[in-house]
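I have a structure here, written as structure tokens, and I will follow up with some questions on it.
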Ligand code: GAP
């Protein structure tokens with residue numbers, strides 16, 4: 001099945017099974033805004049825990065905060081967001097649709113990459129085990145031609161971005177004959193800059209209200225609290241401050257489900273280091289973050305680093321962690337060496353000293369910062385895309401069937417365990433409830449007595465529940481239950497008192513954290 005169709009199925013599945021709903025659906029929705037349902041919120045909370053604990057529990061020099069969404073408007077002037085937090089936009093005059101010029105060009109680059117990928121795939125099939133990809137890339141005429149086209153475009157694109165050359169961006173779009181996907185025409189307007197911040201008004205006085213912004217990143221809440229945390233926590237550099245919270249951007253192109261939203265959540269950590277050591281720490285945090293992603297077991301080849309074409313106004317090094325989504329490799333997380341830009345700017349705009357006194361060197365300085373910034377919603381999308389499977393299974397009566405299963409890692413799964421009485425009479429529901437009453441303090445459990453046992457298993461597979469425990473008549477006699485494993489569909493008879501131990505081992509954050517060592 002084409003990846004595009006798989007993705008559509010995933011979106012429909014998320015809605016059908018209470019993971020993600022379009023916002024304001026009964027009013028026909030609100031573009032690029034989504035609500036998380038009863039299972040979605042549990043998965044989100046588990047991802048947050050994985051991130052938060054891996055930062056704050058596992059690093060004794062990282063602490064957390066929770067700063068307000070509203071902040072003094074001068075913060076956004078100081079940070080550069082008022083002047084420079086822009087996307088280059090272009091309109092198609094025929095369809096009246098608006099696009100990000102850089103995204104249109106990136107899609108053209110991706111087309112060349114796809115063509116190279118297809119040539120490699122064909123050759124792989126033809127040559128089998130003897131295939132040498134490196135040699136093929138270096139010698140195959142078609143691959144070389146596409147690679148050269150990619151290089152030419154990439155160079156022009158990077159230069160245009162670095163010089164903020166909007167005319168050149170438009171010229172690239174014209175030269176590469178990029179058409180509007182809706183109208184199919186090349187009737188483009190000029191490229192213009194568009195600020196992504198939402199604003200609103202705070203208070204209402206006769207003189208007028210204060211214009212405030214909805215934060216476009218949580219990072220600034222950390223910078224303006226640097227001194228508070230450093231002093232009250234007696235933190236010694238190097239140290240980090242972590243935060244999870246909402247961010248808002250008026251995205252021009254909001255597409256691909258929860259990948260690009262106008263309201264989303266970030267998990268950010270700013271690590272304060274002595275000047276001159278930031279690039280070393282940048283490499284260290286790159287490694288730590290890649291390990292964190294890979295520990296979930298979605299396949300090491302599905303991740304890569306992507307160097308930024310254009311460094312943000314505050315950075316001297318930046319890299320994205322990209323994951324192979326059904327729509328291609330895309331950014332999940334950014335790791336940035338932000339220099340001393342933010343703290344210095346806040347010193348300048350606030351008139352307050354924001355320094356660190358280093359007792360060993362007997363000097364004070366503005367710390368440099370390495371940032372790790374991951375979108376919670378994109379991480380959620382990574383988990384569900386990697387976990388969504390449709391597979392052929394053979395039922396007990398020999399008939400073939402399709403099973404839809406969310407193979408979410410048990411540690412992140414919203415519901416850990418479903419307890420199912422074989423029939424809803426003869427004391428079985430009571431026994432099932434007794435098991436839940438005992439386990440609900442440890443795990444998120446669900447009771448289900450409706451429909452045949454087979455249907456109930458399928459329902460739990462679709463939700464992603466890793467364990468089902470079935471209570472039958474025999475249970476009343478021998479205190480044993482059947483535990484059924486989601487991924488293998490294997491079943492095992494175990495004493496009730498062993499259930500907790502079996503599940504606890506599989507859903508333990510500790511085992512996951514040990515992989516991060
Ligand atoms: N503080 C740095 C910063 O905000 P960014 O690369 O603009 O850097 C960091 O954003 C992460 O936030 C991205 O890697 C992505 O996961 C997430 N993100 C950014 N814009 C988003 C959007 N519109 N919808 C969902 N997630 C978004």
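The values are calculated or read from the model by the stated rules, or taken from the named source; none is laboratory data. Quick caveat: nothing in here was measured; it's all calculated off a predicted structure. Cβ placement follows ideal geometry from the backbone for every residue including glycine, while neighbour counts extend to all protein chains displayed.
Find the residue count for region 1-32, including only residues that are within 17 Å of the chain's Cα centre (by Cα), at pLDDT 95 or above and not in a helix (DSSP H, G or I).
The qualifying residues number 2.
Scan 432, 413 and give me the residue that is modelled with pLDDT of 95 or more and assigned to a loop (DSSP other than H, G, I, E, B).
Unique residue meeting the criteria: 413.
Let me spell it out: the conditions are (1) touching a strand residue (DSSP E or B) at 6+ places or on another chain (Cβ under 9 Å); (2) part of a helix (DSSP H, G or I); (3) in contact (Cβ under 8 Å) with a residue 24 or more places away in the chain, and residue 454 meets all of them except one. Which number is the exception?
(1)
Among the residues of region 464-491, write down those that are assigned to a loop (DSSP other than H, G, I, E, B) and under 19 Å from residue 423 (Cα atoms).
472, 479, listed by residue number.
Grab the strands (runs of 3 or more DSSP E) fully contained in region 206-309, keeping just those with 2 or more residues being surrounded by fewer than 15 Cβ atoms within 10 Å (Cβ to Cβ).
Counting at least 2 such residues, we get 210-214, 303-307.
So, of the residues in region 189-205 that are in a strand (DSSP E or B) and without any contact (Cβ under 8 Å) to a residue 24 or more places away in the chain, which turns out to be nearest to residue 80 (Cα to Cα)?
Among those residues, the one meeting the criterion is 199.
Given (1) in contact with a helix residue (DSSP H, G or I) (Cβ under 7 Å, 6 or more places away or on another chain); (2) crowded, with 16+ Cβ neighbours inside 10 Å; (3) not assigned by TED's automatic domain parsing to the domain that holds residue 233, identify the lone condition not met by residue 62.
Every listed condition holds for residue 62 apart from (3).
Pairs please, first residue from region 76-95 and on the phi > 0 side of the Ramachandran plot and in contact (Cβ under 8 Å) with a residue 40 or more places away in the chain, second anywhere and part of a loop (DSSP other than H, G, I, E, B) and surrounded by 20 or more Cβ atoms within 10 Å (Cβ to Cβ), Cβ atoms under 9 Å, 6+ apart in sequence or on different chains.
Close Cβ pairs satisfying both conditions: 80/314.
Mind telling me which of the residues 186, 294 ends up being away from the ligand (no atom under 16 Å from the Cβ), free of Cβ contacts under 8 Å to residues at least 60 places away in the same chain and either outside the structural domain of residue 327 (by TED's automatic domain parsing) or over 28 Å from residue 34 (Cα atoms) (or both)?
186
Restrict the check to region 366-377 and report whether at least one residue is outside the structural domain of residue 152 (by TED's automatic domain parsing), surrounded by fewer than 19 Cβ atoms within 10 Å (Cβ to Cβ) and either part of a helix (DSSP H, G or I) or out of contact with any helix residue (DSSP H, G or I) (no Cβ under 8 Å at 6 or more places or on another chain) (or both).
Within region 366-377, not a single residue is outside the structural domain of residue 152 (by TED's automatic domain parsing), surrounded by fewer than 19 Cβ atoms within 10 Å (Cβ to Cβ) and either part of a helix (DSSP H, G or I) or out of contact with any helix residue (DSSP H, G or I) (no Cβ under 8 Å at 6 or more places or on another chain) (or both).
Within region 47-59, which residues are surrounded by fewer than 14 Cβ atoms within 10 Å (Cβ to Cβ) and either touching a helix residue (DSSP H, G or I) at 6+ places or on another chain (Cβ under 6 Å) or not in a helix (DSSP H, G or I) (or both)?
If the condition is that a residue be surrounded by fewer than 14 Cβ atoms within 10 Å (Cβ to Cβ) and either touching a helix residue (DSSP H, G or I) at 6+ places or on another chain (Cβ under 6 Å) or not in a helix (DSSP H, G or I) (or both), then 58 is the only one that fits.
Consider residue 44 carefully, then state whether it is more than 16 Å from the ligand (Cβ to nearest atom), in a helix (DSSP H, G or I) and closer than 30 Å to residue 512 by Cβ.
Values: more than 16 Å from the ligand (Cβ to nearest atom): no; in a helix (DSSP H, G or I): yes; closer than 30 Å to residue 512 by Cβ: yes.
No, not satisfied.
Here is a further query. If you check 335, 384, 354, which single one turns out to be touching a helix residue (DSSP H, G or I) at 6+ places or on another chain (Cβ under 7 Å), surrounded by 20 or more Cβ atoms within 10 Å (Cβ to Cβ), in the same structural domain as residue 262 (by TED's automatic domain parsing) and in a strand (DSSP E or B)?
335
Inside region 212-245, can you point out the residues that are more than 18 Å from residue 57 (Cα to Cα), within 11 Å of the ligand (Cβ to nearest atom) and touching a strand residue (DSSP E or B) at 6+ places or on another chain (Cβ under 8 Å)?
Within region 212-245, 215, 216, 217, 218, 219, 221, 222, 223 qualify.
Still on this structure, I have one more. Just for region 457-483: of the residues that are crowded, with 22+ Cβ neighbours inside 10 Å and over 30 Å from the mean Cα position of the chain (by Cα), which one is farthest from residue 405 (Cα to Cα)?
It comes out as 475.
Then there is this: Give me the residue from region 362-395 that is under 24 Å from residue 62 (Cα atoms) and without any contact (Cβ under 8 Å) to a residue 60 or more places away in the chain and, out of that set, farthest from the ligand (Cβ to nearest atom). Show your work before the answer.
To start, the set of residues in region 362-395 that are under 24 Å from residue 62 (Cα atoms) comprises 362-380.
Among the residues that remain, those that are also without any contact (Cβ under 8 Å) to a residue 60 or more places away in the chain are: 362-364.
On the way: 362: 33, 363: 29, 364: 26 Å.
My answer is 362.
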